[in-house]
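What follows is a set of notes on a single structure, which appears directly below.
The values are calculated or read from the model by the stated rules, or taken from the named source; none is laboratory data. Worth saying up front: this structure is predicted, and the values here are computed from it rather than measured. Ideal geometry is used to build each Cβ from the backbone, glycine not excepted, and the neighbour counts take in all protein chains shown.
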Amino acid sequence: MGSLGELERSVMDVLWDADEVALTAYDVQEHLEREQGRQLAATTLLTVLSRLEKKGFVASDRSARPHRYRATASRVDHVAELMHEVLGDAGDRSAVLARFVGGVSAEDAEVLRRLLAGAA
Amino acid sequence: MTLAELAAASALILVAVLLAWPVPILLSRAAWPARAPGWALLLWQLIAVAGGFSMIGALWLVGLALLPQWPLLAALPAAALAAYLLVHLGITIVQFERQRRRHLALLQLLSAPHPTHARTRVLDDAAPVAYCLPRGIGSVTVLSQGLLDGLDQDELAAVIAHERAHVEQRHEVLLVAFKAWRDALPWFPIAARAESEVAALVEMRADDSARRTTRDEVLARAILRVAGPAGPAEHASSRRDRHRDRFLRLSF
């Protein structure tokens, strides 16, 4: 039994791998067991799905029983969203994260390379 | 208005003007901050706080001089400025928290914990990036797979030490405060310059932390491997000089 974060990641992995196909909670349970060897109680799974839905990562279709769930965006899209924030322009850089180094001008890079070559 | 009141008002206005213009410009053009970024950061904070208070105080004294019989009305402009600055600080903090929480939620789903380093996560992307997300206990350092693949052990240690310093020294507090200052006064170029100076100095502080356990050449190599080409914003005048200082101050 992992942390809640780990559980959410596991469930999202299943939904992301399913692509656009909406899965029932039972489907997700099956995938988790088959692909990750993870046994999750139905109630726990429903809690996790509802948390993910509240955070905006999962959309549910409750028009018919059993309810179906799918990811709101692909994994690639989410990673791109993260990377966009990280690599964003210095102008709208948010104070939220501090990068090790952003862009380096060609001249500064050349200065560094020369210094390194001199020290070698 | 008495002579004493006139003198006080003039003095405060003079201080406010000095702190709003020549003093920050001199500080941003000086060379010594690259050698003592900690002191320079302290000075920037003093300038911002004293500048704000002297502006508010000057408004108040001028108000009192013009409307001595209505002290409350006279204090209105000063109170309005104080409230305006505080509200902007509040808004910036709230936005910051919201963005941080959203980013953290994404990280939890898209990254795996690093096998050996505590409070570090690995993001599956080929671009070499390293960054940290504040704050304090809940902070996390993020390394991309591209970074792990591209750096050797020493270089990686330098990067991690640099990011740790950001977290331990609570740099996000400074960055948020100066961002709030700039958002509140968008027509005031000094506020933007101050924010950019503080950002560069904060990087130097983090570098200094890394330099305690890593040789400067290793840090330089790590910088070259991670850095991308400079965008147009990075060539803005003062930002570029202080930005360059960060690299030139490494000695080897």
- prompt: When you go through (1) touching a Gly at 6+ places or on another chain (Cβ under 6 Å); (2) touching a residue at least 60 places away in the same chain (Cβ under 8 Å) one by one for B:LEU19, which number turns out not to apply?
  reply: (2)
message: Quick check on A:ASP108: is it at negative phi, over 21 Å from the mean Cα position of the chain (by Cα), acidic (Asp, Glu) and loosely packed, with under 15 Cβ neighbours inside 10 Å?
response: no
- request: Filter segment B:1-16 down to the residues that are without any contact (Cβ under 8 Å) to a residue 24 or more places away in the chain and more than 17 Å from B:ILE56 (Cβ to Cβ), then identify the one that is nearest to the chain's Cα centre (by Cα).
  value: B:ALA7
field: Residue list for segment A:77-102, restricted to those being over 23 Å from B:PHE247 (Cβ atoms), β-branched (Val, Ile, Thr) and at pLDDT below 90
entry: A:VAL96
field: Scope segment A:41-54; condition over 26 Å from B:ARG102 (Cα atoms) and surrounded by 11 or more Cβ atoms within 10 Å (Cβ to Cβ); matching residues
entry: A:ALA42
query: Under the condition of being among the hydrophobic types (A, V, I, L, M, F, W, C), crowded, with 16+ Cβ neighbours inside 10 Å and without any contact (Cβ under 8 Å) to a residue 24 or more places away in the chain, which residue from segment B:68-125 is farthest from the other protein chains (Cβ to nearest Cβ)?
result: B:ALA74
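Quick one: which helices (runs of 4 or more DSSP H) lie wholly within segment A:1-106 and hold at least 3 residues that are out of contact with any Ser or Thr (no Cβ under 9 Å at 6 or more places or on another chain), more than 14 Å from chain B (Cβ to nearest Cβ) and not hydrophobic (A, V, I, L, M, F, W, C)?
Ranges flagged: A:25-36, A:42-54.
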query: Is there a residue being in contact with a Cys (Cβ under 7 Å, 6 or more places away or on another chain), at pLDDT 90 or above and under 30 Å from B:LEU42 (Cβ atoms) anywhere in segment B:151-164?
result: yes
field: Residues satisfying the stated conditions in segment B:22-51, i.e. surrounded by 18 or more Cβ atoms within 10 Å (Cβ to Cβ) and in contact (Cβ under 8 Å) with a residue 40 or more places away in the chain
entry: B:PRO24, B:SER28, B:PRO33, B:ALA34, B:PRO37, B:ALA40, B:LEU41, B:TRP44, B:ILE47, B:ALA48
field: Unmet criterion (only one of (1) in a helix (DSSP H, G or I); (2) farther than 15 Å from B:ALA194 by Cβ) for B:GLN69
entry: (1)
task: Answer yes if at least one residue in segment A:110-117 is at pLDDT below 85 and either within 14 Å of another protein chain (Cβ to nearest Cβ) or in contact with a Lys or Arg (Cβ under 7 Å, 6 or more places away or on another chain) (or both), and no otherwise.
output: yes
- prompt: With respect to A:PHE57, is the statement that it is surrounded by 14 or more Cβ atoms within 10 Å (Cβ to Cβ), hydrophobic (A, V, I, L, M, F, W, C) and touching a Cys at 6+ places or on another chain (Cβ under 9 Å) true?
  reply: no
message: Looking only at segment B:129-157, how many residues end up being more than 9 Å from chain A (Cβ to nearest Cβ) and farther than 15 Å from B:LEU104 by Cα?
response: 12
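Could you say whether any residue in segment B:94-105 is within 21 Å of B:LEU174 (Cβ to Cβ) and assigned to a loop (DSSP other than H, G, I, E, B)?
No; the residues of segment B:94-105 include none that is within 21 Å of B:LEU174 (Cβ to Cβ) and assigned to a loop (DSSP other than H, G, I, E, B).
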